[in-house]
1. Within segment A:1-112, considering only strands (runs of 3 or more DSSP E) that don't extend past its boundaries, which have at least 1 residues that are within 14 Å of chain B (Cβ to nearest Cβ) and open to solvent by less than 10 Å² (accessible area, probe 1.4 Å)?
2. Write out, first by first residue and then by second, each pair whose Cβ atoms fall under 9 Å of each other, whose residues are 6+ apart or on separate chains, and whose first residue, in segment A:8-23, is within 21 Å of residue A:42 (Cβ to Cβ) and among the polar types (S, T, N, Q) while the second is open to solvent by 40 Å² or more (accessible area, probe 1.4 Å) and part of a helix (DSSP H, G or I).
3. So residue A:270 fits all but one of (1) touching a Lys or Arg at 6+ places or on another chain (Cβ under 9 Å); (2) crowded, with 21+ Cβ neighbours inside 10 Å; (3) more than 26 Å from residue A:77 (Cβ to Cβ); what number is the exception?
4. Just the residues that are at pLDDT 95 or above and within 16 Å of residue B:240 (Cβ to Cβ), please, taken from segment B:208-230.
5. Just to be sure I understand the filter: pairs with C-beta atoms under 8 Å, separated by 6 or more residues or on different chains, first member in segment A:296-312 and closer than 20 Å to residue A:48 by Cα, second member open to solvent by 50 Å² or more (accessible area, probe 1.4 Å) and of a type in the set (Lys, Arg). Which pairs pass?
6. Just for segment B:183-218: of the residues that are touching a helix residue (DSSP H, G or I) at 6+ places or on another chain (Cβ under 7 Å) and charged (D, E, K, R), which one is nearest to residue B:158 (Cα to Cα)?
7. Only one of (1) in contact (Cβ under 8 Å) with a residue 60 or more places away in the chain; (2) touching a strand residue (DSSP E or B) at 6+ places or on another chain (Cβ under 6 Å) is not met by residue A:49, so which one is it?
8. Against the condition in contact with a Ser or Thr (Cβ under 9 Å, 6 or more places away or on another chain), modelled with pLDDT of 95 or more and under 14 Å from residue A:174 (Cα atoms), how does residue A:240 come out, does it pass?
Number of protein chains: 2
Amino acid sequence: MLDALTPDTVRDAAARIAPYVVRTPVLRREVGDAALLLKPESLQPTGAFKLRGAFSLMTTLPDDVPGVVAHSSGNHAQAVACAAARLGVRAVIVMPSDAPELKRRRTEAWGAEVVVVGPDSDERAAKAEELAEREGLVSVPPYDHALIAAGQGTAALELLEDVGALDRFYAPVSGGGLMAGCATVVHAALPDAEIVGVEPEDADDTARSLAAGERVAVPPPRTIADGLRVRRPGALTFEVVRRRVARIELVTDDELRDAMRWALDELRLVLEPSGAASLAVALREGRGRCGVLLSGGNVDPALLAEVAAARPRVASAGA
Amino acid sequence: MLDALTPDTVRDAAARIAPYVVRTPVLRREVGDAALLLKPESLQPTGAFKLRGAFSLMTTLPDDVPGVVAHSSGNHAQAVACAAARLGVRAVIVMPSDAPELKRRRTEAWGAEVVVVGPDSDERAAKAEELAEREGLVSVPPYDHALIAAGQGTAALELLEDVGALDRFYAPVSGGGLMAGCATVVHAALPDAEIVGVEPEDADDTARSLAAGERVAVPPPRTIADGLRVRRPGALTFEVVRRRVARIELVTDDELRDAMRWALDELRLVLEPSGAASLAVALREGRGRCGVLLSGGNVDPALLAEVAAARPRVASAGA
């Protein structure tokens, strides 16, 4: 992984995916002593950074590949389905029976074939493997792959191109692909910048793994940040994360809701809880020039309504 | 106006304001037979396109100007206050006593001095004129000025740079500065593109003025699109609008709410009713490649909560 994930492979990925992804803008807000330089990946066509990884891997496939397969209940499913549609490739997505109806419909709207299995994540993986073998489909993993992490790291590459120096960089850590890719380019360009990972309090598998010095698993998390409910870091991504990330900060569900509300009011952006995680920590402790990766905006409609009905926070000045 | 507002003056404005405004991305969505190419000006630091006009005029002021004055109850106030803060100039904003508390606080948060007068718009204008004369302040009008319209037209210039050809261009029409600036560059680059203006049903002063062949006023509009409640087109802007705009389409408040809901779900964007007006028409009748200017996102929190609680629309596929 450390050889295959370098600033150069992230730059290569950026060139491959440029025709397909949105170059998201950087939004600047002054909050206390901090200048927050926010990168809203919620503006990607599928509403999350996952699209960068999917295109990064899938643009390297040979022309005669019979198709791709992925298993996911969330943003990765839509990303693979979208990339397959744009690249003219067959996509089969294995989803759990308890996946939200909206996410299934959005995946099918991109023309992907959805195969429903039981709610267990091992069952999904087994089904995807079986399909890959039987039908010659290429598996597109959500994070634990150098090409996926390189693609996801292009978000930080764009941020650095647009803003130059940073004192800190904040991104959420789930399987670790986004952080591994981003930390690779941030560390190379700005070795003195502090790289801070963010996890929900009860999905702190990376924090615990860093403390243990090896990958450990946590019980099934219940945080509202469904995009961060991974139970154990990726094998390859964890090697990068433990070398590059200075510390992990934990956030509560209430802080996630407050950050979502702040994004509605101050950024005019809909963020999902995972997408607001790094913002929550930057609002709490940010100092100096802080790069903040807002990972996605695919929020459950009921939660969005709840957050929109909460009492607005006091306005703060912008750029 | 026709001499002072040309593709060249819009390009000049773009160069002046580039350090201060966000180059907003273009978001693409397929809807029926249309490819919507959406330009979200809600992502500007003050949440609306008005910032482009304010910086366009204020970057031409001499260094020793004692300050600026503007009268507004809405997005123009924040735009002038923000531009003054960034350019290091004193700003006095005359606001009506019935302006929303949030808008007043946001204007003050940029460091502007707010002077409150009665709710009547003539009273605001008179007070601003008095301050301009007494204190040597330069008046920054909201739309009826070639430099303001040229600045506002830079949004369309960026859109064309990013997407190339268009079959149609949709933008809201209030005082007409945004449409005059945008139509100038769209018509010059794409003489066959149909330029469509959008007004709320009861704020149809431009539609009526075009029918009458001269500027006419409408009774005080009650539409939820507070940014489009102008009663009469600008004198200079109307000259451009009547030469360049093919037709005006009217929208109901219900259509505005539906378009706001669609933007929350499909774009992950908070739009104000005015900001969703051109989207509402593009969703209704769009065909071919449609440029759609989303003018702003400063929505009243109660209305946002109402729209977020409404039944979500069926998902549609994206890019």
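1. Output list reads A:27-31, A:34-40, A:91-96.
2. none
3. Residue A:270 satisfies all of (1) touching a Lys or Arg at 6+ places or on another chain (Cβ under 9 Å); (2) crowded, with 21+ Cβ neighbours inside 10 Å; (3) more than 26 Å from residue A:77 (Cβ to Cβ) except (3).
4. Passing the criteria: B:209, B:210, B:213, B:214, B:215.
5. A:307/A:257
6. B:199
7. (2)
8. yes
The values are calculated or read from the model by the stated rules, or taken from the named source; none is laboratory data. Predicted model only: the values in this text are computed from it and were never measured. Methodologically, a virtual Cβ is constructed for each residue, glycine included, from the backbone with ideal geometry; neighbour enumeration extends over all protein chains shown. For accessibility, only protein heavy atoms count, side chains too; no ligands or nucleic acids. Shrake-Rupley method; radii C 1.70, N 1.55, O 1.52, S 1.80 Å.
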